[in-house]
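Inspection log for the structure reproduced underneath, given as structure tokens.
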Amino acid sequence: MNDCRIFQRALRRLRFGVVNGAPVESVGILGSGIMAGGIAEVVARADMRAILRARSEASATASLKGVEKGLARQVEKGKLEPAERDRILANISTTTDLGALGQCDLLIESVVEDLETKQQLFREFDAVTKPTAMLATNTSTLPVVEMAKVVKNPERVCGIHFFNPAQVLPLVEIVRPITASDETISRAADFVSKIGKEGVHVLDRAGFIVNALLFPYLNNAVRMLEDGTASMADIDTAMKGGCNFPMGPFALLDLVGLDTTLSILDTLHASFGDDNFAPRPMLRQLVEKGRLGRKTKAGFYEY
Ligand SMILES: NC(=O)c1ccc[n+]([C@@H]2O[C@H](COP(=O)([O-])OP(=O)(O)OC[C@H]3O[C@@H](n4cnc5c(N)ncnc54)[C@H](O)[C@@H]3O)[C@@H](O)[C@H]2O)c1
């Protein structure tokens, strides 16, 4: 390396301060919803310690049970050896205490898609984490920089955005807010490759790559249903058969969660001002009725 590059690197380290390049060995995952258990499983499979933190014992246990159930199904189908299942489960523990994540190398928050809630969690991270820990959000659309700016060392914050179900889908978006250091992004990319996922790099813009393209499509499927152009079942069948998609838009909306969808569309609409992102009234009505999709056993479809 020539003198100039050494100097630039040193300058960058000075500017970005505390983050070093240590590999990730233990990961704290915050949340107990659709995504958190799947992320814990992915981490545990890659032989890192996963500590799942929920607000109550009951939801922490329910999350772990969800992982156990998924693994048991794979053992039944002959896709996973019982010894491998035991190894994965041995790598996962649960807690309700944020302080228990103090020694983790990486924290990934995956709680409700609400900026204030996430910012509060990042403030709490500041108090409990070691200074070299990386802090990541699994937000679908919120600006990562808004979370970075509430911590003392914003250079260690980035987005690590999984897809649903996290234990199945291969993609992870590595989101770079303007505050992130090169070291943080490179450690995030190392982590993503260690968990066997395909990482793509994207700047901190609402919806990143996938959701910025996907959600106008989902929203327009709801518009088509409202207009009476076709039935829900026929729209789903059409998009599966015509585009070779694994599921139609209504099945996907129910899988994502209609409350999460509403938050994502609101953020995209506020950010881009494009009417394709303005959430359709039918979506709001279903959320108001508490029909949030698979997680409440009713959304567009009944489960
Ligand atoms: N559902 C998806 O398809 C999907 C995909 C990728 C990313 N995400 C993102 O992952 C995150 C979690 O989504 P999800 O689908 O798992 O949500 P979910 O609705 O299934 O779960 C939300 C979680 O947030 C917790 N929570 C709610 N209020 C809280 C508070 N005030 N403080 C702390 N925790 C609180 C709940 O207890 C629950 O564990 C969101 O940011 C979402 O945008 C979701």
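The values are calculated or read from the model by the stated rules, or taken from the named source; none is laboratory data. Model, not experiment: these values are computed from the prediction. We place every Cβ from the backbone using ideal geometry, glycine too, and count neighbours over all the protein chains shown. Remember, those area values only see protein heavy atoms, side chains included, never the ligands or the DNA or RNA. Shrake-Rupley method; radii C 1.70, N 1.55, O 1.52, S 1.80 Å.
Here are a few things to note about the model shown:
- About its Cα centre, the dipole of the chain is roughly 520 debye, where the only charges are +1 on Lys and Arg Cβ and -1 on Asp and Glu Cβ.
- Per residue value of the accessible surface for the range 107-211 (all protein chains in place, 1.4 Å probe), Å²: 37 Å²
- Student exercise, the range 60-134 dipole from Lys, Arg, Asp, Glu Cβ charges, in Debye to nearest 20: 360 debye
- Candidate cross-link partners of LYS118 among the lysines, defined by an alpha-carbon separation under 22 Å and a same-chain spacing of 8 or more, comprise LYS130, LYS149, LYS152, LYS295.
- Highest mean packing comes first when the peptides 259-268, 164-173 are listed by Cβ atoms within 10 Å, giving 259-268, 164-173.
- Signed unit charges on C-beta, dipole axis of the chain, positive-most listed residue CYS104, LEU171, ALA72: CYS104
- A simple spin-label model places pseudo-atoms 7 Å from Cα toward Cβ; at HIS201 and GLN120 they are separated by 3.6 nm.
- Principal axis box of the range 263-303, alpha-carbon based, largest edge first, Å: 34, 16, 14
- Theoretical gain in end-to-end length, ALA233 to THR132 [0.36 nm per residue, Cα-Cα removed]: 31.4 nm
- Listed residues ALA233, ALA180, ALA36, most fluctuating in the chain (Gaussian network, C-alpha, under 10 Å): ALA233
- In a reduced charge model with +1 at each Lys and Arg Cβ and -1 at each Asp and Glu Cβ, the range 252-303 shows a dipole moment near 280 debye about its Cα centre.
- Stokes-Einstein D in µm²/s, Kirkwood radius over Cα pairs - the range 44-110 at 20 °C with 1.002 mPa s viscosity: 167 µm²/s
- For the pair ALA270 and ASN164 in one chain, pulling the backbone fully straight at 0.36 nm per residue adds 35.7 nm over the alpha carbon distance.
- Restricting attention to the chain, close to 15% of DSSP beta bridges with both partner residues there are antiparallel.
- Inverse of mean 1/r across different Cα pairs in the range 116-259, Kirkwood, Å: 16.8 Å
- Under 12 Å from LYS289, Cα to Cα: aspartates and glutamates that are on another chain or at least 8 residues apart: ASP259
- Measuring nothing but how far apart in sequence close Cα pairs (under 8 Å, 6+ apart) lie, relative to its length, the range 172-237 scores a relative contact order of 31 percent.
- Based on DSSP H segments of at least four residues, each scored -39500 (n - 2.57), the chain has a per-residue ellipticity at 222 nm of -15500 deg cm²/dmol.
- P(r) tail fraction, the chain - alpha-carbon pairs more than 26 Å apart, %: 48 percent
- Relative contact order of the chain, taken over Cα pairs closer than 8 Å and 6 or more residues apart, is 14 percent.
- Kirkwood-type radius of the range 191-249, with distances r between different C-alpha atoms, in Å: 13.6 Å
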